[in-house]
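Quick note: the coordinates plus some simple rules give every number you see, no bench work behind them. What you are looking at is a predicted structure, and each value in this text was computed from that prediction instead of being measured. Don't worry about glycine lacking a Cβ; one is built from the backbone with ideal geometry, like all the others, and counts go over all protein chains shown.
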Amino acid sequence: MKNPIGIFDSGIGGISILEKLKQLLPNENFIYLADNRNCPYGSKSKKEIISLSNKNCQKLIELNSKIIIIACNTSTTNSIKKLREIIDIPIIGIEPGLKPAIQYTKTKNIGILATEKTLGSKLFFKTLNQNRIDDIHIHEQIGYELVNLIEEGSYSKQNLYKILEKYLVPMINKKIDCLLLGCTHYNHIRDIIEEIIPVDIKIVDTVAPVNKRVLNILKSNNILNKSTNKRTIKIYYNGKKLSGNYLDQEYYLKYLEF
Ligand code: DGL
């Protein structure tokens, strides 16, 4: 099936997911919506997040998407249940990855950096409780300011380093041995995060499991694109023009009302 895979995020965060997906699925066409006019989602109400996420899904359906990937932890944790009730194509979301972290930790201390609304969501709370093992400590930190800075791309490395140190050093002092990046925007600053955390702290991969699910769903629904024609990857934004080194030559970039 030639129809594109639809992806959305509040901005550029989910492009880190698209980067991996386009390698895994070289024949697939993609449409990515960066809702940067409404970024950040992380401080909005659940109602607003559901409404924005639904608007993005409706646009992706209008553009003939065969499945939808919510490349945003905030949107997934606050809206995926509702979206699945009203939308009848497969929807795959991304979550912070608590389960693998709980299985991995030896020091029984896990750090998580995410948006306010992800950490405060029912889904996160439920996953936490379902997997909770009494002697494991989860150290949560809201990444205040980070999404805006990453989105604007106007930060100095020194400034970002200082902010991240403030968030990460207390977790490091609590002896975490794994860190969850619970917001897709943070993948874009992973190199700075890695400079701050000791090498023996593992950053849990939350992208690979999503990609595996996408592949499984495409296969089981028999909707893989078998055509070997040159594929297209379209990125639409509805706010400020996107620019940055995360934008591949292959991307067709355009403003769109949605
Ligand atoms: N990339 C989104 C996430 O994974 C961004 C959150 C925001 O817009 O605040 O949560």
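For this structure, a couple of remarks:
- K219/K122 FRET efficiency (R0 45 Å; Cβ-Cβ; nearest 0.05): 0.90
- Close amide H contacts of N109 (hydrogens built in the peptide plane, cut-off under 5 Å, sequence separation of 5 or more or a different chain): H137, D177.
- Within the stretch 170-204: backbone nitrogen closer than 16 Å to the K108 label point (7 Å, Cα to C-beta): 174-178
- In order along the stretch 101-117, phi translates into HN-Hα couplings of 5, 5, 5, 7, 4, 9, 7, 6, 9, 10, x, 9, 10, 7, 7, 4, 6 Hz, rounded to whole numbers, per the Karplus curve 6.51 cos²θ - 1.76 cosθ + 1.60 with θ = phi - 60° and x for Gly and Pro.
- For the chain, alpha-carbon Rg relative to the globular expectation (2.2 N^0.38 Å, N residues): 0.99
- Rounded if a/c under 1.5, otherwise prolate or oblate - the stretch 135-222, Cα gyration tensor axes: oblate
- Farthest towards the positive end of the charge dipole of the stretch 1-89, among the residues I49, I15, S65, is the Cα of I49, using unit charges on the Cβ of Lys, Arg, Asp and Glu.
- Of the trypsin sites (Lys or Arg not before Pro) found in the stretch 201-258, those that fall in a DSSP loop while having at most 15 other beta-carbon atoms within 10 Å are K226, K230, K240, K241.
- A cut-off of 5 Å between modelled amide H atoms, ignoring neighbours fewer than 5 places along the same chain, links C72 with I94.
- Expected 222 nm ellipticity per residue - DSSP helices of 4 or more, -39500 (n - 2.57), all of the chain, to 500: -12500 deg cm²/dmol
- Estimated dipole of the chain in Debye, rounded to 20 [Cβ of Lys and Arg +1, of Asp and Glu -1, Cα centre]: 700 debye
- Proximal charge balance of L224 [Cβ under 13 Å; K/R count +1, D/E count -1]: +4
- Residue pairs, from the table K46/K66; K46/K241; K46/K81, whose Cα atoms sit over 18 Å apart: K46/K66; K46/K241
- Candidate lysines for bridging to K174, where Cα separation is under 18 Å - those fewer than 8 sequence places away on the same chain excluded: K106, K108, K166, K202
- Shown in residue order for the stretch 136-145 are the 3J(HN,Hα) couplings computed by the Karplus curve 6.51 cos²θ - 1.76 cosθ + 1.60 at θ = phi - 60°: 9, 9, 9, 9, 8, 9, 7, x, 3, 6 Hz (x for Gly and Pro).
- Estimated inter-spin distance, I86 and I196, nm [label 7 Å along Cα→Cβ]: 3.7 nm
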